[in-house]
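Visitor: One structure is given below, represented as structure tokens, and several questions about it will come after.
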Amino acid sequence: MELILLPLLRFAFGALSIASGRSRRTFAVAALLVDAALLSRLALTLAGGTATEMVLGGWARGLGIGFVGDRIGLTFASLVWGLGVSIVFYTWRQNLRPYFFMLLHLLIGAAFAMVFTKDLFNAYVILELLTLASFLLVGYGRRPGQIWASLRYLVLCSLGMSLFLLGLAVVYVHTGTLDIAELALRVAASPSAPWVRLGGALLVGGVAVKAGVFLFSLWLPAAHARALPAVSALLSGVVIKMGVVELFRLSEVFPLELTFGVLGVATALLGILFAVQTYDLKKLLAFSTLSQIGYLLIGFAAGTQAARIGALDYAVAHGLFKALLFLAAGEAARVVGGSDVRRLVDARCSIPTATRAALLVGILGIVGLPPFAGFAAKAVLEAGIHPTFFHAVVALISVGTAVSFAKLLPILPGRCATRSDWSTTTAYAWLAGAIVLFLPLSIAIVPRSMLSATWRWPAFLEAFAAVTLGLTLHRLLRGRRFRLPQAIFRIEEGTLVILGGFFVVYVLLQFS
Amino acid sequence: MSWLNGVTVSIVLFGIGLLGLVLRRDLVIKLLALGLVNASTILCLVSLGARSDGAPPLLGISTVQNIVDPLPQAIVLSAIVINFAILALALVFVMLLVERYHTTDSHRIERETAEEEEQEELWS
Amino acid sequence: MRHVSVSLVLVAVGLTAAFCVVVLLGFGFRGPGIADTEPALSVATWIDVAQGTGARNIVSAIYLNVRLFDTILEVLVFSVAVLGVHFYLTARGRPEPVESIPESSVVRVAADLLLPLILLIGLYVTVYGHLSPGGGFSGGVIAGTGLLLAAIVLGTKTVTARLGRRLLDRLEWITLLGILIVGLVPAALARTPLVDLLPAGSPGRVGSGGSILLYNGLIGLKVFVGSWVIIRHFVDHRGEI
């Protein structure tokens, strides 16, 4: 029952935030406490036995909307909850309108529903609610740049969801059901039927627009760069992960290994390429998000259990350190007055020490140094990948991440100390604590045996080697500048690239 | 099966909407095209259950054998409201942009937003 | 039409045409009820479901009982839309009042006659939603159109003044909370939420269908108020109607 109470109560809190705007912060804290209680109950039920399955309204399976509370769902729900805590702290003193809090509650409630749902149309409505809520949040400051970025976001996501709905129609015509478990059986019964390929391509292409796959998610850099830092953290940490969760559910139905492999490699490499050449801090973080999503897709593509669990573990870790980086970067950019890295380096003494420490922890997490969050997840993931090609790509991504983040290192040192207020420091401490303590925390997701198998010298060596190589490459490449085409981020090209991506997925599904 | 049924028409409309979204520079036309794309998916879903002797899904009024498939119709209700919300909010944003830039040309708005960003970086 | 690059046109037309062809060929729709395999859900299943809930309108039984959660999410989408319009269009503070264009007497007399009729039809469609096509969404929109007619004749300021501004703002979240609470009440009674607790009644009467009538009423009120808020903000922003 907690599965459906989590979203419904959150929505109620959202409505209450509008009802009594003055108590909006109290409602936010109360909502977090209620969610913590429900999540712990769910965790206890899961620890006791198998996953909880329920159909909303008590109807028969296949007739109503099915919800399943398994480990994946609980993990992502906890991630969303943790990010919610940090956002509430971070924005405590910013005096945001009740409208912001309602959208926040709706976003988190929809995310809770998304991680548990097993129904295709329910996923569609939840993804649309997420799009609308996050699109309004991106435009919150009402600056023209924000409004234009969020309008592009809305148009491209709406197009993606229309593709998803077409795919739903295709699938419904041939199976008569919208339930993912039932669909998986039907697809397995006739895996080479043309409707399977078309339906799969449409569904995956539609969700990929939201999930941060590079070809499809060209709205991502502008939306992240121009939004409020709390909103960017939510986008990277919550909204995109929900697309990834839906891709994960779809991968249980369709044979998507080859598709994820190709899309993952393309996303990772292109993301790193754009991340290396940009000197805008927020855009750097946005491109880095894209490349890490590629990493996740490669994990799903590898097919082994270890790789899938490693990918999920890494998704959680990425949510944590990307949120921390966005929050800290937002604070730094606000203090300095711009987000260009060179200006941040010049004015680094005006950036509070807590912010710089938070940036340091975030960078350590994202480049995968032990014992922080990224390291263990990467090790588990790599242990599960067997083709050498993927190993090479993964190594390349690690080096590329180190190269792109090396340019932030000059911001960190400085003999000056500036104070920041308690709310932002608490937010940083919360997330940084989770990153530092990630290894013991991840016992909840990754089985002990897998973890201990990766806590070995080769993994350490690989991590340190990647970082050193990245630093050296950054030194060497520091003088060179290269420009990549920026015109692909417009609506027109974005639409055509989504169509092209659909064809790529369609062709790949022919060979699966 | 005749090729002139709701599903085929809806896919052609989807294509027309896509072309409008890509080829026209005016923001309002782009939104119209997006609305057309969304409406065509709705048409597709509703036509899935259509039949020549079909009856509305009302018990006690229609003969049970002729009732059309009610599930796509129930689904489409949500999709209609979602499309309405998207269009309304997108129009609000277009209004705000037009007030600021006095044009509905998407390329010009793109250019001016990018220039403004660079200006902000230089001045502050 | 302004100048568009030739390459863009070629690529766009090519990709779109290819997309349409691929989807048309792969769709495999040969008519309703003709599929390669036995569909999981058939019309007969839904007829049984509707007979169980006591409603005559099978579509209402589906989206207000079996797939109620989708409808709740959809109501939330609608609320988000209304709130978004409100938030972004009141950015500049109160707009200066603009004199509304006086309408001719034909319009005024016709509006006088039609307005109560439109509102009554909206109410009828909402309340009888579980017996005939309609429901909260359609009924609310019909009633909202009636208000739009009143606004054309009287001006939005007068209509808002007559309705009461506070009432409208409160109704926004009251109806939303109402829908969520009706869904959560079974949880308070130790059953799963979103279950229909009211009796099914005898089909064909207004008092049948369980809580479908309750939901229709709440949704109708919400859409009525929400559509009026959206119309009012657009009109106020533009200056006149």
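The values are calculated or read from the model by the stated rules, or taken from the named source; none is laboratory data. All figures in this text were calculated on a predicted structure; none of them were measured in a lab. Please note: Cβ atoms are built from the backbone with ideal geometry, for glycine as well, and neighbour counts cover all protein chains shown.
Visitor: Inspect the range B:77-87 for any residue being within 11 Å of chain C (Cβ to nearest Cβ), in a loop (DSSP other than H, G, I, E, B) and crowded, with 23+ Cβ neighbours inside 10 Å and give the result as yes or no. It would help to see each step written out before you state the result.
Guide: Here is the first cut: in the range B:77-87, the residues within 11 Å of chain C (Cβ to nearest Cβ) are B:77-87.
Those still in the list that are in a loop (DSSP other than H, G, I, E, B) too: none.
So far as the range B:77-87 goes, no, none of its residues is within 11 Å of chain C (Cβ to nearest Cβ), in a loop (DSSP other than H, G, I, E, B) and crowded, with 23+ Cβ neighbours inside 10 Å.
Visitor: Can you confirm whether the range C:175-192 contains a residue that is of a type in the set (Lys, Arg), within 11 Å of another protein chain (Cβ to nearest Cβ) and under 30 Å from A:Phe67 (Cβ atoms)?
Guide: We begin by selecting, within the range C:175-192, every residue of a type in the set (Lys, Arg); these are C:191.
Still in the running and within 11 Å of another protein chain (Cβ to nearest Cβ): C:191.
Next, only the ones that are under 30 Å from A:Phe67 (Cβ atoms) stay: C:191.
Yes.
Visitor: Has the range A:117-127 got any residue that is at the interface with another protein chain (Cβ under 7 Å from one of its Cβ atoms), touching a strand residue (DSSP E or B) at 6+ places or on another chain (Cβ under 9 Å), more than 17 Å from A:Lys241 (Cβ to Cβ) and in contact (Cβ under 8 Å) with a residue 12 or more places away in the chain? If you could, list the steps in order and put the result at the bottom.
Guide: The first filter runs over the range A:117-127 and keeps only residues at the interface with another protein chain (Cβ under 7 Å from one of its Cβ atoms), leaving A:121-122, A:125-126.
Filter once more, keeping what is touching a strand residue (DSSP E or B) at 6+ places or on another chain (Cβ under 9 Å): A:122, A:126.
Next, only the ones that are more than 17 Å from A:Lys241 (Cβ to Cβ) stay: A:122.
With in contact (Cβ under 8 Å) with a residue 12 or more places away in the chain added as a condition, the list becomes A:122.
Yes, the conditions are met somewhere in the range A:117-127.
Visitor: Between residues in the range A:1-19 that are over 13 Å from A:His105 (Cα atoms) and residues that are small (Gly, Ala, Ser) and outside any helix (DSSP H, G or I), which pairs lie under 8 Å by C-beta distance while being six or more apart or on different chains?
Guide: Within 8 Å, the pairs are A:Glu2/A:Gly69; A:Leu3/A:Gly69.
Visitor: Given the conditions (1) part of a helix (DSSP H, G or I); (2) in contact with a helix residue (DSSP H, G or I) (Cβ under 6 Å, 6 or more places away or on another chain); (3) closer than 29 Å to A:Arg343 by Cα, which single one is not true for A:Cys416?
Guide: (1)
Visitor: Kindly check whether there is at least one residue in the range A:49-70 that is modelled with pLDDT of 90 or more and under 25 Å from A:Met102 (Cα atoms).
Guide: Scanning the range A:49-70, I find at least one residue that is modelled with pLDDT of 90 or more and under 25 Å from A:Met102 (Cα atoms), so the answer is yes.
Visitor: Shifting gears a bit: What's the total number of residues in the range A:400-429 that are farther than 15 Å from A:Arg475 by Cβ and surrounded by fewer than 19 Cβ atoms within 10 Å (Cβ to Cβ)?
Guide: So the answer is 14.
Visitor: Check B:Ser10, B:Ser62, B:Ser52 and return the single one that is of a type in the set (Gly, Ala, Ser) and assigned to a helix (DSSP H, G or I).
Guide: Values: B:Ser62 fails: assigned to a helix (DSSP H, G or I); B:Ser52 fails: assigned to a helix (DSSP H, G or I).
Selected residue: B:Ser10, the only one of B:Ser10, B:Ser62, B:Ser52 that is of a type in the set (Gly, Ala, Ser) and assigned to a helix (DSSP H, G or I).
Visitor: Which is of a type in the set (S, T, N, Q) and either more than 11 Å from chain C (Cβ to nearest Cβ) or surrounded by fewer than 17 Cβ atoms within 10 Å (Cβ to Cβ) (or both), of B:Ser10, B:Ser2?
Guide: Working: B:Ser10 fails: either more than 11 Å from chain C (Cβ to nearest Cβ) or surrounded by fewer than 17 Cβ atoms within 10 Å (Cβ to Cβ) (or both).
Within the list B:Ser10, B:Ser2, the selection yields B:Ser2.
Visitor: Only residues that are touching a residue at least 24 places away in the same chain (Cβ under 8 Å), part of a helix (DSSP H, G or I) and either at the interface with chain B (Cβ under 9 Å from one of its Cβ atoms) or surrounded by 24 or more Cβ atoms within 10 Å (Cβ to Cβ) (or both): list them for the range C:41-58, please.
Guide: Residues of the range C:41-58 touching a residue at least 24 places away in the same chain (Cβ under 8 Å): C:51-57.
The next check asks that each one be part of a helix (DSSP H, G or I); those that pass are C:51-53.
If the condition is that a residue be touching a residue at least 24 places away in the same chain (Cβ under 8 Å), part of a helix (DSSP H, G or I) and either at the interface with chain B (Cβ under 9 Å from one of its Cβ atoms) or surrounded by 24 or more Cβ atoms within 10 Å (Cβ to Cβ) (or both), then C:Gln51, C:Thr53 are the ones that fit.
Visitor: Run A:Gly14 past the list (1) touching a helix residue (DSSP H, G or I) at 6+ places or on another chain (Cβ under 9 Å); (2) within 14 Å of another protein chain (Cβ to nearest Cβ); (3) modelled with pLDDT under 90 and report the number of the one that doesn't hold.
Guide: For A:Gly14, the failing item is (3).
Visitor: Related question: Scanning the range C:211-241 for residues that are hydroxyl-bearing (Ser, Thr, Tyr) and within 14 Å of the chain's Cα centre (by Cα), which turns out surrounded by the fewest Cβ atoms within 10 Å (Cβ to Cβ)?
Guide: Going through the range C:211-241, the residues hydroxyl-bearing (Ser, Thr, Tyr) turn out to be C:211, C:215, C:227.
Those still in the list that are within 14 Å of the chain's Cα centre (by Cα) too: C:215, C:227.
Details: C:Tyr215: 28, C:Ser227: 23.
If we take residues in the range C:211-241 being hydroxyl-bearing (Ser, Thr, Tyr) and within 14 Å of the chain's Cα centre (by Cα), then C:Ser227 is surrounded by the fewest Cβ atoms within 10 Å (Cβ to Cβ).
Visitor: What's the total number of residues in the range A:187-201 that are touching a Leu at 6+ places or on another chain (Cβ under 7 Å) and either more than 8 Å from chain C (Cβ to nearest Cβ) or modelled with pLDDT of 95 or more (or both)?
Guide: Within the range A:187-201, the subset touching a Leu at 6+ places or on another chain (Cβ under 7 Å) is A:197, A:200-201.
Within this subset, residues satisfying the condition of being either more than 8 Å from chain C (Cβ to nearest Cβ) or modelled with pLDDT of 95 or more (or both) are A:200-201.
Summing the residues that are touching a Leu at 6+ places or on another chain (Cβ under 7 Å) and either more than 8 Å from chain C (Cβ to nearest Cβ) or modelled with pLDDT of 95 or more (or both) in the range A:187-201 gives 2.
Visitor: When the range C:131-166 is examined, which residues are found to be closer than 16 Å to C:Arg232 by Cα and either within 14 Å of chain A (Cβ to nearest Cβ) or outside any helix (DSSP H, G or I) (or both)?
Guide: Answer for the range C:131-166, where residues must be closer than 16 Å to C:Arg232 by Cα and either within 14 Å of chain A (Cβ to nearest Cβ) or outside any helix (DSSP H, G or I) (or both): C:Gly155, C:Gly164, C:Arg166.
Visitor: State the number of residues belonging to the range A:16-51 that are β-branched (Val, Ile, Thr) and not in a helix (DSSP H, G or I).
Guide: To start, the set of residues in the range A:16-51 that are β-branched (Val, Ile, Thr) comprises A:18, A:26, A:29, A:34, A:45, A:50.
Imposing the further condition that a residue be not in a helix (DSSP H, G or I) reduces the set to A:50.
Counting residues in the range A:16-51 that are β-branched (Val, Ile, Thr) and not in a helix (DSSP H, G or I) gives 1.
Visitor: Moving on to the next point. Which residue out of B:Glu116, B:Glu99 is in a helix (DSSP H, G or I) and more than 10 Å from chain C (Cβ to nearest Cβ)?
Guide: On the way: B:Glu99 fails: more than 10 Å from chain C (Cβ to nearest Cβ).
Going through B:Glu116, B:Glu99 in turn, the sole match is B:Glu116.
Visitor: Can you tell me how many residues in the range A:52-92 are among the small types (Gly, Ala, Ser), assigned to a helix (DSSP H, G or I) and surrounded by fewer than 17 Cβ atoms within 10 Å (Cβ to Cβ)? Spell out how you get there, then give the answer.
Guide: Of the range A:52-92, the ones among the small types (Gly, Ala, Ser) are A:57-58, A:60, A:62, A:64, A:66, A:69, A:73, A:77-78, A:82, A:84, A:86.
Next cut, assigned to a helix (DSSP H, G or I) only: A:57-58, A:73, A:77-78, A:82, A:84, A:86.
In the following step, the residues that additionally are surrounded by fewer than 17 Cβ atoms within 10 Å (Cβ to Cβ) were identified as A:58.
The total comes to 1.
Visitor: Something else: With the requirement that a residue be surrounded by fewer than 19 Cβ atoms within 10 Å (Cβ to Cβ), in contact (Cβ under 8 Å) with a residue 24 or more places away in the chain and within 7 Å of another protein chain (Cβ to nearest Cβ), what does the range B:26-74 give you?
Guide: Within the range B:26-74, just B:Ala50 meets the criteria.
Visitor: When the residues of the range A:133-186 are filtered to those that are under 21 Å from B:Phe84 (Cβ atoms) and over 23 Å from the mean Cα position of the chain (by Cα), which remaining residue is farthest from the other protein chains (Cβ to nearest Cβ)?
Guide: A:Leu168
Visitor: Just to be sure before I move on: is A:Ala266 touching a residue at least 60 places away in the same chain (Cβ under 8 Å), among the aliphatic types (A, V, I, L, M) and assigned to a helix (DSSP H, G or I) in the structure I sent? Full working, then the answer.
Guide: On the way: touching a residue at least 60 places away in the same chain (Cβ under 8 Å): no; among the aliphatic types (A, V, I, L, M): yes; assigned to a helix (DSSP H, G or I): yes.
Spelling it out, it is not the case that A:Ala266 is touching a residue at least 60 places away in the same chain (Cβ under 8 Å), among the aliphatic types (A, V, I, L, M) and assigned to a helix (DSSP H, G or I).
Visitor: Kindly provide the set of residues from the range A:301-351 that are without any contact (Cβ under 8 Å) to a residue 12 or more places away in the chain, over 11 Å from A:Leu281 (Cβ atoms) and not in a loop (DSSP other than H, G, I, E, B), ordered by number.
Guide: Passing the criteria: only A:Asp346.
Visitor: Those residues that are buried (at least 20 other Cβ atoms within 10 Å of the Cβ) and in contact (Cβ under 8 Å) with a residue 60 or more places away in the chain, I need them from the range C:180-210; list them, please.
Guide: C:Leu180, C:Gly183, C:Leu194, C:Asp196, C:Ser208, C:Gly209, C:Gly210
Visitor: Can I ask one more? So, of the residues in the range C:27-39 that are within 14 Å of A:Ser190 (Cβ to Cβ) and of a type in the set (Gly, Ala, Ser), which turns out to be modelled with the highest pLDDT?
Guide: C:Gly28
Visitor: List the number of the failed condition for A:Asp421; all other conditions in (1) in contact with a helix residue (DSSP H, G or I) (Cβ under 9 Å, 6 or more places away or on another chain); (2) in contact (Cβ under 8 Å) with a residue 40 or more places away in the chain; (3) farther than 26 Å from A:Ile309 by Cβ hold.
Guide: Every listed condition holds for A:Asp421 apart from (1).
Visitor: Return yes when C:Arg67 is in contact with a helix residue (DSSP H, G or I) (Cβ under 7 Å, 6 or more places away or on another chain) and either more than 7 Å from every other protein chain (Cβ to nearest Cβ) or among the basic types (Lys, Arg) (or both) and no when it is not.
Guide: On the way: in contact with a helix residue (DSSP H, G or I) (Cβ under 7 Å, 6 or more places away or on another chain): yes; either more than 7 Å from every other protein chain (Cβ to nearest Cβ) or among the basic types (Lys, Arg) (or both): yes.
Taking the combined requirement at face value, the residue satisfies it.
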